[in-house]
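Participant: Dropping the structure in here first, questions after.
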Amino acid sequence: MSAVEKPSNSGFALQGIRVLDFTWIHAGPSATRILADQGAEVIKVESNNALAVVGGPSSATARGLGQRHNWNAGKRSISLDMKTSQGVAIAKRLAAVSDVVAENFSGRVMTSWGMDYESLRRVKPDLVMLSMSGFGRTGPWKDRVSYGQTLQAWSGFTELTGFPNTDPCGPASAYSDAVGGMAGAQAVLLALIHRARTGQGQWIDLSQFEALSSLLDTLVLDLSANGADSHNQRTGNRPPHDSGATHGAYRCRGDDRWVAISVHTENEWESLIGAMGHPPWTQDERFATASGRSHHSEELDALMETWTMQHSAEAVMRLLQDAGVPAGVVQTGADLAENDPHLQERGFFRQVLDGQGVSRTIEGAPYILSRTPGGPSRGAPEFGADQTYVLREILGMSDEELADCAIAGVFE
Amino acid sequence: MEQQTSGGQQPLTGIRVLDLSGPMGVYCGKLMADMGADVIKVEPPGGDPMRIMGPFIPDGANSERSLNWLHFNTNKRSITLDIADPQGAELLSKISRQAGVVLETFPPGYLDNLGLGYSHLLQGNPGLIYASLTPFGQTGPYKDFKATDLTGFAMGGYMYVTGRPDTPPTRLWGSQAYHTTSNRAFIAILLALYHRMATGEGQYIDVSMQEAVAATTEHVNTAYNYTGEPAVRCGFRHGGQFVATWRCKDGFVSITTNTQQSWDDLRDWMARDGMAGDLSSEKFNDRFILRGELSEHIEGLIQAWALTHTRQEITEWGQSRHHPWGPAVRADEILENEQLWERGYFIESEVLHPGEKMVYPGAPYKLSRSPWQLRHPAPQVGQHNREIYCGDLGLPVDELDALASQGVI
């Protein structure tokens, strides 16, 4: 390793890294939350004069509030109206003392402020800049508008998700944004590693469409190799290229309660019928082989449900797990929060205090690093909570400067 | 020791990874390999089970023709080794001393019992990063539960909300619970690599598929934790009902009316087509009415109207007004995407035989200085046995042959 830069030694992997964060809504803030959890100082730039959206300054609904905390925990916030020239000037000064600048505006915004990568690298040569967008910052679609669901539709995920005999349903939520967030964090970390080795910064052009398309398994290769002979269609809960049966969600006792069961091998099938107590229908010769079970999967699923319906989803999971069959409750939000002793013991949900001292529940990181466990230390910041720290301590602005800016409405 | 090349073109150049993973981790290995790491896939003698998973290249389903294998193992090298054999375990232990990262997806305790756990491999290699990806993590009451992509998706809370109210809960297409685990694990490994650059310290990483999924649902946890009501299946609607997938003249299209302008524009267009019904009246001006008791009535009108237009008409009309509308593309249309071609996302590469060009999916993100690369296709079974066992470990060729005849390699 070159000695260009020494990251710090602590229980947080990213202590000493400062991120100037212009991102909003879901994908961007979830990327920078990952960095904040590991000790990066993430300064969220917000304005009352920007659109108030989920995760933005005013999170009007309870759900919006939850998302604000979930994706912005551990960050700092300053209010800065980027429509004012002083606001832009302050942002540039902050960029010059940051390691990472992150943004997910439409393509022209950063350029119009003189804060595109080429401009910023002049004031901070080793800057890492993350630009997240729907379709990327080049190409014929660079100005197209998209939300997560748009990208899911355009990538094929919507059409492919659901049962063959019903209309497509697509992912229930913005999987694309979650994927964009993970990809954004990866790209920044790769760039920081590259910088630590070489001293070089760089620009990351992250197309959330490309990040999402990268998860289409073998689809691209299959189309390329097999063309019209490739048959990629909705397969409900069955794996697309596998004869797996029994493989799906089965209704259990109670209101809209389900268990997912996933049987692939002959051993698992034998264990399954053993756990069910060898009901007579399991001896039906239609179900004697994997291909028979796959061929008669609808009849099989209906018969399976005559058994699962007699039990709670939790009881089916226990019975089948005891027999070595992969089975899991189709858990609701309530199950995750209240009824899952495993998540509780692992401490997946974290309680953090917000700026007013109110305890908020947020998701923890889905991994445990033994030496740098990190973790969010507090909830999302109040809008503009860190004005003093950022402007006085980091930038060293004087009372006079601050007053001038306040009068000019820079901090609205 | 691991080779440390500063100024290598890719961010992970010179970092050696032992990839012992199955389907849950194979994408994580690919991400590392595609970003420059020297990823050595350790296959059981005879080959990884993934090699016989379809789909296949048309001329036969042998172990070199699985598209599943070819996709997920780009840029990796391959050795074969029976790690359950004591000689095999000994060899793996030796190879690991030259590795910076171990990636594995065995049940908790399995590798420990073979003398290949983190505490064993750490000896003599204090910088080792050892990432274990499992369904439920290394601790807790469910740690020994078995799971697949489907049941991980269910236990993580994503399945319950996906699907229509009148269908069972539904998985996402593809192995997204596995890939999410891989994506999360890659983040954790990168954090550990960064920490190691500062301190020389490695660490152990415990990744849980259930948690990886649970942290990816967007609204499931926040909805319950902040409103007390669990989110439910909404079918073709996104949770808030401002985003929905409609059947149109030639397929399906996604229409978002999350801003007042888009809601007004949609109603205007419907009115011009004479299909707005009473939606033009003032009563429907507030877009939040879509969430209320009239939603069924409104949706009926939108659906009837959508059937009179094509995906392209609706998409272009919406995009020209800066609304995020777009077609639900069918799988067979994916290679027609001009944006992906123009940006070089699709990469044409020869696979196994000269002249046999195939299209690969490319970089998930573009780094200007240290980019993603397709350096070489997925390896053949044990393709790199000789160079790694004899070259790197210094094993005499006759010993390699002897181990091969004993079925260890």
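The values are calculated or read from the model by the stated rules, or taken from the named source; none is laboratory data. Just so it is clear, the model here is predicted, and its values are computed rather than measured. Quick reminder, even Gly has a Cβ in these numbers, built from the backbone with ideal geometry, and neighbours come from all protein chains shown.
Participant: Please specify each residue of the stretch A:136-154 satisfying the condition of being closer than 14 Å to residue B:244 by Cα and touching a strand residue (DSSP E or B) at 6+ places or on another chain (Cβ under 6 Å).
Facilitator: A:147, A:149, A:150, A:153, A:154
Participant: Do you know which of the residues in the stretch A:157-168 that are closer than 17 Å to residue B:337 by Cβ and out of contact with any strand residue (DSSP E or B) (no Cβ under 8 Å at 6 or more places or on another chain) is surrounded by the fewest Cβ atoms within 10 Å (Cβ to Cβ)?
Facilitator: Ranking the candidates gives A:160 first.
Participant: Sticking with this one: Only one residue in A:312, A:271, A:297 is under 30 Å from residue B:333 (Cα atoms) and of a type in the set (Gly, Ala, Ser), so which one is that?
Facilitator: A:297
Participant: A follow-up question, please. Is the stretch A:246-267 home to any residue that is within 17 Å of residue A:159 (Cβ to Cβ) and surrounded by fewer than 17 Cβ atoms within 10 Å (Cβ to Cβ)?
Facilitator: So far as the stretch A:246-267 goes, no, none of its residues is within 17 Å of residue A:159 (Cβ to Cβ) and surrounded by fewer than 17 Cβ atoms within 10 Å (Cβ to Cβ).
Participant: Follow-up. Kindly provide the set of residues from the stretch A:328-347 that are surrounded by fewer than 24 Cβ atoms within 10 Å (Cβ to Cβ) and among the hydrophobic types (A, V, I, L, M, F, W, C), ordered by number.
Facilitator: A:334, A:337
Participant: If you scan the stretch A:102-115, which residues turn out to be in contact with a Ser or Thr (Cβ under 9 Å, 6 or more places away or on another chain) and under 22 Å from residue A:390 (Cβ atoms)?
Facilitator: Residues satisfying the conditions are A:102, A:103, A:104, A:105, A:110, A:113.
Participant: Could you list, in sequence order, the residues of the stretch B:200-237 that are in contact with a Phe, Trp or Tyr (Cβ under 9 Å, 6 or more places away or on another chain), outside the structural domain of residue B:125 (by TED's automatic domain parsing) and of a type in the set (Phe, Trp, Tyr)?
Facilitator: B:236
Participant: As an exercise: evaluate residue A:334 against (1) within 29 Å of residue B:146 (Cα to Cα); (2) modelled with pLDDT under 95 and give the number of the one condition it does not meet.
Facilitator: So the condition that residue A:334 fails would be (2).
Participant: Consider residue A:165 carefully, then state whether it is within 7 Å of chain B (Cβ to nearest Cβ), over 23 Å from residue B:231 (Cβ atoms), at pLDDT below 95 and not in a strand (DSSP E or B).
Facilitator: So residue A:165 does not fit the description; no.
Participant: Does the stretch A:309-327 include one or more residues that are in contact with a Leu (Cβ under 6 Å, 6 or more places away or on another chain), touching a residue at least 24 places away in the same chain (Cβ under 8 Å) and surrounded by 23 or more Cβ atoms within 10 Å (Cβ to Cβ)? Full working, then the answer.
Facilitator: Filtering the stretch A:309-327 down to residues in contact with a Leu (Cβ under 6 Å, 6 or more places away or on another chain) leaves A:325, A:327.
Remaining after also requiring touching a residue at least 24 places away in the same chain (Cβ under 8 Å): A:325, A:327.
Subset that is surrounded by 23 or more Cβ atoms within 10 Å (Cβ to Cβ): A:325, A:327.
Yes, the stretch A:309-327 has at least one match.
Participant: Looking only at residues in the stretch B:202-214 that are over 19 Å from the mean Cα position of the chain (by Cα) and at the interface with another protein chain (Cβ under 7 Å from one of its Cβ atoms), which one is surrounded by the most Cβ atoms within 10 Å (Cβ to Cβ)?
Facilitator: This residue is B:203.
Participant: Please go through the stretch A:215-265 and give me each residue that is more than 30 Å from the chain's Cα centre (by Cα) and without any contact (Cβ under 8 Å) to a residue 40 or more places away in the chain, ordered by number.
Facilitator: A:225, A:226, A:227, A:228, A:229, A:230, A:265
Participant: Look through the stretch B:102-133, keep the residues that are away from every other protein chain (no Cβ under 11 Å) and β-branched (Val, Ile, Thr), and return whichever of them is surrounded by the fewest Cβ atoms within 10 Å (Cβ to Cβ).
Facilitator: B:105
Participant: Please return the ranges of strands (runs of 3 or more DSSP E) entirely within the stretch B:74-193 where 2 or more residues are among the aliphatic types (A, V, I, L, M).
Facilitator: Output list reads B:101-104, B:129-134.
Participant: Can you find even one residue in the stretch B:183-201 that is over 26 Å from residue B:98 (Cα atoms), without any contact (Cβ under 8 Å) to a residue 60 or more places away in the chain and either surrounded by fewer than 24 Cβ atoms within 10 Å (Cβ to Cβ) or among the hydroxyl-bearing types (Ser, Thr, Tyr) (or both)? So that I can check it myself, show each step before the final result.
Facilitator: Pass one, the stretch B:183-201, residues over 26 Å from residue B:98 (Cα atoms): none.
No, because not a single residue in the stretch B:183-201 is over 26 Å from residue B:98 (Cα atoms), without any contact (Cβ under 8 Å) to a residue 60 or more places away in the chain and either surrounded by fewer than 24 Cβ atoms within 10 Å (Cβ to Cβ) or among the hydroxyl-bearing types (Ser, Thr, Tyr) (or both).
Participant: Could you say whether any residue in the stretch B:342-358 is modelled with pLDDT of 95 or more and either part of a helix (DSSP H, G or I) or more than 10 Å from every other protein chain (Cβ to nearest Cβ) (or both)?
Facilitator: Yes, some residue in the stretch B:342-358 is modelled with pLDDT of 95 or more and either part of a helix (DSSP H, G or I) or more than 10 Å from every other protein chain (Cβ to nearest Cβ) (or both).
Participant: Does the stretch B:354-398 hold any residues that are of a type in the set (Gly, Ala, Ser), touching a residue at least 12 places away in the same chain (Cβ under 8 Å) and surrounded by fewer than 17 Cβ atoms within 10 Å (Cβ to Cβ), and which are they?
Facilitator: Answer for the stretch B:354-398, where residues must be of a type in the set (Gly, Ala, Ser), touching a residue at least 12 places away in the same chain (Cβ under 8 Å) and surrounded by fewer than 17 Cβ atoms within 10 Å (Cβ to Cβ): there is none.
Participant: OK, next. What residue, among those in the stretch B:134-145 that are surrounded by fewer than 19 Cβ atoms within 10 Å (Cβ to Cβ) and not acidic (Asp, Glu), is farthest from residue B:190 (Cα to Cα)?
Facilitator: Just the residues of the stretch B:134-145 that are surrounded by fewer than 19 Cβ atoms within 10 Å (Cβ to Cβ), to begin with: B:138-139, B:141, B:144.
Cutting the leftovers down to not acidic (Asp, Glu) gives us B:138-139, B:141.
Numbers: B:138: 20, B:139: 23, B:141: 29 Å.
Only one residue fits best here, namely B:141.
Participant: Now for a separate question. Report whether or not residue B:181 is modelled with pLDDT of 95 or more and under 30 Å from residue B:123 (Cα atoms). Can you show your working first?
Facilitator: Working: modelled with pLDDT of 95 or more: yes; under 30 Å from residue B:123 (Cα atoms): yes.
Considered against the rule, which asks whether it is modelled with pLDDT of 95 or more and under 30 Å from residue B:123 (Cα atoms), residue B:181 comes out as yes.
Participant: Of all the strands (runs of 3 or more DSSP E) wholly in the stretch A:276-375, which have at least 2 residues that are within 9 Å of chain B (Cβ to nearest Cβ)?
Facilitator: A:327-329, A:359-363, A:367-369
Participant: Now, a different point. Among the residues of the stretch A:215-234, is any in contact with an Asp or Glu (Cβ under 8 Å, 6 or more places away or on another chain), within 22 Å of residue B:161 (Cβ to Cβ) and crowded, with 17+ Cβ neighbours inside 10 Å?
Facilitator: yes
Participant: May I ask you to say which residue of B:151, B:180, B:217 is β-branched (Val, Ile, Thr) and more than 7 Å from chain A (Cβ to nearest Cβ)?
Facilitator: Exactly one of B:151, B:180, B:217 is β-branched (Val, Ile, Thr) and more than 7 Å from chain A (Cβ to nearest Cβ), namely B:180.
Participant: So which of A:191, A:185, A:196, A:211 ends up being of a type in the set (A, V, I, L, M), facing chain B (nearest Cβ under 7 Å) and surrounded by fewer than 24 Cβ atoms within 10 Å (Cβ to Cβ)?
Facilitator: Answer to the selection: A:196.
Participant: Suppose we filter the stretch A:355-383 for residues that are within 21 Å of residue B:28 (Cα to Cα) and within 22 Å of the chain's Cα centre (by Cα); how many remain?
Facilitator: 8
Participant: Separate question: Restricting attention to the stretch B:384-409, which residues are part of a helix (DSSP H, G or I) and of a type in the set (A, V, I, L, M, F, W, C)?
Facilitator: From the stretch B:384-409, those part of a helix (DSSP H, G or I) are B:385-392, B:397-405; that's our starting set.
Hits for the stretch B:384-409 are B:388, B:390, B:397, B:400, B:402, B:403, B:404.
Participant: Go over the candidates A:370, A:377 one by one and state the one that is touching a strand residue (DSSP E or B) at 6+ places or on another chain (Cβ under 6 Å) and either in the same structural domain as residue A:38 (by TED's automatic domain parsing) or modelled with pLDDT of 90 or more (or both).
Facilitator: The match here is A:370.
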